[in-house]
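All remarks here apply to the structure that follows.
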Amino acid sequence: MAPMGPVPNLPAEPDDDLDSYVGLDAGTAEERARARGWSTVRTLPPGAIITMEYLRGRIDFEVDGGTVKRCWRG
């Protein structure tokens with residue numbers, strides 16, 4: 001059996017309280033997320049159809065009427 005390749009050293013994700021974004025306006029939430037180290041910030045409307053692949057370092061916001069209603073990693 002061939003040996004497996006090395007496990008990559010992936011950067012740690014920000015240690016962040018995702019609930020703290022709920023209720024913020026989208027612009028403020030994006031600025032805060034980037035300042036806290038999120039490499040990708042994705043803003044989505046309610047009910048958006050998205051793929052469910054996990055992307056390390058990404059934070060997702062569901063925004064309705066300019067306000068963050070829900071937030072999740074990846």
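The values are calculated or read from the model by the stated rules, or taken from the named source; none is laboratory data. Given the structure is predicted, the values throughout are model-derived calculations rather than measurements. Don't worry about glycine lacking a Cβ; one is built from the backbone with ideal geometry, like all the others, and counts go over all protein chains shown. The area values use the complete protein model at the heavy-atom level, side chains included, leaving out ligands, DNA and RNA. Shrake-Rupley method; radii C 1.70, N 1.55, O 1.52, S 1.80 Å.
Listing for the model above:
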| quantity | calculated |
| --- | --- |
| Choice from G47, G37, G23 showing the highest fluctuation, given a GNM over the chain with Cα pairs closer than 10 Å | G47 |
| Other-chain or far-sequence residues with amide H under 5 Å of L44's (modelled H) | F61, E62, V63 |
| Cα-derived Rg over Rh, computed across the chain with Rh taken as Kirkwood radius | 1.12 |
| Exposure of R73 as accessible area (Å², to 10), given a probe of 1.4 Å and all protein chains | 80 |
| DSSP-assigned coil residues among GluC sites (Glu not before Pro) in the chain, each with at most 11 further Cβ atoms within 10 Å | E53 |
| ³J(HN,Hα), Karplus 6.51/-1.76/1.60, whole Hz, each residue of segment 29-38, x for Gly, Pro | 4, 5, 4, 4, 4, 5, 5, 8, x, 6 |
| Rounded to 5, percent antiparallel among DSSP beta bridges of the chain | 60 |
